[in-house]
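Here the structure comes first, spelled out in structure tokens, and everything after it is commentary.
The values are calculated or read from the model by the stated rules, or taken from the named source; none is laboratory data. Because the structure is predicted, anything quoted here is derived from the model rather than measured. Cβ sites come from the backbone with ideal geometry, for glycine too, and all protein chains shown count toward neighbours. Heavy atoms of the whole protein, side chains included, go into the accessibility calculation; ligands, DNA and RNA do not. Shrake-Rupley method; radii C 1.70, N 1.55, O 1.52, S 1.80 Å.
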Amino acid sequence: MSLASGHKGRTSSVMDKKIHENPRYSRVSSRLDTGSSMSKYNRKVEDVKNNYKFKQGEIFKRMKVSTFVQLVLQVENYVSESDVTGLSPVPDENEEEEQTLPPTPGSDTHRTCDSRFSEVISGVGEMDLKNNNVNVPQTVTEKPPKPYLLLDVRDSDAFDQCHIIGAVNFPSAMLSRAQNYFTKTVLEYVNKEGKIIILYDEDERIAHACSTTMIERGVDNLFMLSGGMKVLYSKFPTGIIRGPLPKLCLVDNEGKVSKAKVKAQQGVQPASVHPMGNEFTEDDLDHLQDTLDSLLESMAPPTRVGGMSRAQSNMSQRSATSACPWK
């Protein structure tokens, strides 16, 4: 019996048979890069439509989340390398003998707490009292200022729950004032050479209008984090955001809240009471560096010789070759 006996003159072929899609593997995509295609273009357009709010005539500049993470890593590595610790004075050989001697009326033991406090705040140490020619080394405890100011334009309650590490709360309601709409911290970065201001929120709903308002009020060195916390978490899930994420950042490409992401957020401490505070740890920086390397490796096109592009091979050495890589 032929294959065409039951189709009234039509010839059936195995290649013409439709393959039904298994819903279990509907989200699994091929790892084989076959070049540009219409399906890739449609996915990119859909991603921009869901995660970004581009508008015609934007007067501010955008910063990609990968660029922001690179900036964070370079600044944190530079600041950690430039920390200066104080030097302790060299112990005297006769220190034990001096301690065994009975105290004299003019010795250190007869000074009161008030005199000690006044000497400390005026920068006078024990070596200065014994020998005026000895210079006591000073300890530098303050870190150098960062070249960027990260502003969270959401309200204070949302900021206390969750925010990007190193961010400062600057509610959007501040910009509705007629005057004194910038805080002292913001004024230290406005149009300063070698410094920039970065605004962000959850998904650009608030940051877009705030960026436009600040540009109109004369802030030229301003950037908006493109995609906000939603895109940042999707590309860098660990090491950059502190606290339980809002549900808006846990939505997948289909507009549904991911149950796996919601389960992962259970038990996470709010950012305001986090034991590590608002500073990066070594583990955070390691996670960011590993994720950034994987992201740039997937984005950069490979060269003909070897499997890695030139940009990828030099990626880990950028922070070490420049003293101030962000300038």
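Going by the conditions given, is Leu187 over 27 Å from Asp290 (Cβ atoms) and without any contact (Cβ under 8 Å) to a residue 40 or more places away in the chain? When the stated conditions are applied, Leu187 passes them. Name the pairs whose Cβ atoms lie under 8 Å apart, with the first residue in segment 49-75 and in a loop (DSSP other than H, G, I, E, B), the second open to solvent by 60 Å² or more (accessible area, probe 1.4 Å), and 6 or more positions between them or separate chains? Final answer for the pair search is Lys53/Arg205; Ile59/Glu216.
Got a number for residues in segment 197-225 being outside any helix (DSSP H, G or I), in contact with a helix residue (DSSP H, G or I) (Cβ under 9 Å, 6 or more places away or on another chain) and open to solvent by 10 Å² or more (accessible area, probe 1.4 Å)? Don't jump to the end; show me each part of the working.
So in segment 197-225, the residues outside any helix (DSSP H, G or I) come out as 197-206, 217-225.
The next check asks that each one be in contact with a helix residue (DSSP H, G or I) (Cβ under 9 Å, 6 or more places away or on another chain); those that pass are 197-206, 217, 219, 222-225.
Filter again for open to solvent by 10 Å² or more (accessible area, probe 1.4 Å), leaving 202-203, 205-206, 217, 223.
The number of residues fulfilling the criteria is 6.
The residue that is surrounded by the most Cβ atoms within 10 Å (Cβ to Cβ), counting only those in segment 147-159 that are more than 23 Å from Asn191 (Cβ to Cβ) and free of Cβ contacts under 8 Å to residues at least 60 places away in the same chain, is Arg154.
Scanning segment 47-64 for residues that are over 17 Å from Leu199 (Cα atoms) and open to solvent by less than 90 Å² (accessible area, probe 1.4 Å) yields Asp47, Val48, Asn50, Gly57.
Could you check how many residues of segment 160-184 are open to solvent by 30 Å² or more (accessible area, probe 1.4 Å), within 21 Å of the chain's Cα centre (by Cα) and touching a residue at least 24 places away in the same chain (Cβ under 8 Å)? Of the residues in segment 160-184, 3 are open to solvent by 30 Å² or more (accessible area, probe 1.4 Å), within 21 Å of the chain's Cα centre (by Cα) and touching a residue at least 24 places away in the same chain (Cβ under 8 Å). Condition first: under 21 Å from Gln70 (Cβ atoms) and assigned to a strand (DSSP E or B). Can you find one or more residues in segment 226-233 that meet it? There is no residue in segment 226-233 that is under 21 Å from Gln70 (Cβ atoms) and assigned to a strand (DSSP E or B). Could you check, for segment 224-231, whether at least one of its residues is of a type in the set (Ser, Thr, Tyr) and in contact with a Phe, Trp or Tyr (Cβ under 8 Å, 6 or more places away or on another chain)? Scanning segment 224-231, I find at least one residue that is of a type in the set (Ser, Thr, Tyr) and in contact with a Phe, Trp or Tyr (Cβ under 8 Å, 6 or more places away or on another chain), so the answer is yes.
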